[in-house]
1. Between a first residue in the stretch 149-178 that is at negative phi and a second residue that is outside any helix (DSSP H, G or I), which pairs have beta carbons less than 7 Å apart while being 6 or more apart in sequence or on different chains?
2. Any residue at all in the stretch 109-128 that's modelled with pLDDT of 75 or more and surrounded by 15 or more Cβ atoms within 10 Å (Cβ to Cβ)?
C-alpha cells in the first residue's frame, strides 16, 4: 500500500511534467520570448495570465527544485510590485500546501530517511513540543536556511496540522515575498525605484529583527535552565 502511494505520486508528477514539456510552460517564466508572450497575454486577458502563473508556480513548488525567490522575481517582472506579491504569495502557498500533502500522504516513507540524514534539518524541523511548531515555521520562512521545496516536504512528515501549517506558511512568507517582488520591480521600474527600495530596506530590517527575536524565544523554550538563570 505504501509503495502504491509513491507510484501514484510519481505517475501524477510524470504526467504534469510531460504536459509542461509539451506546452513548453517553463519558457513563460524563464525565457525572454516566453516572458514577452505572457506579457501579451496579461495585456489581453489579465485573469488568464494570473491563473497560469499561480498554477505553474504551485506545480513548480512540488515538482521542481527551484529557489523560492524565483517565483517572486517572475511575479515582479510580469505583474508589478503589489499584484505580483499577491499572486506570488497565492502560488507559493498553494505549492507549499501541495508539497506538504504529498509528503504526508504519499511520500512519507521516502522523504523521512532523506530528512534524517540531514542532522541540522532533523534537529530544527522535528520537535515534540507543540509550542515550537509555529516558531520553527516563522524562522524557516523568514530566513529560509533550507531549500523551499525540501522544507515543505519535511513539514509534511511532522505532526503539525495542515491547517496550522497553511496559515503559518501564508503569514510568514509575506515579508519574503514582498522583499523579492518589490526589489525586482524596483530594478526594472525607474520611476518607483527609490520608493520600492526604501520599502525593501524596511522589510529586510524587520525580517532580521523578527528572526533574532524569535530565535531567542526558541532557545528559551528549549533551555528552561538557561531561562531561569537569566531571570
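The values are calculated or read from the model by the stated rules, or taken from the named source; none is laboratory data. Note that the structure is a prediction, hence the values are computed from the model and not measured. Using ideal geometry, Cβ is built from the backbone for each residue, glycine included, and neighbour counts are taken over all protein chains shown.
1. The qualifying pairs are 149/65; 151/144; 153/107; 158/126.
2. No.
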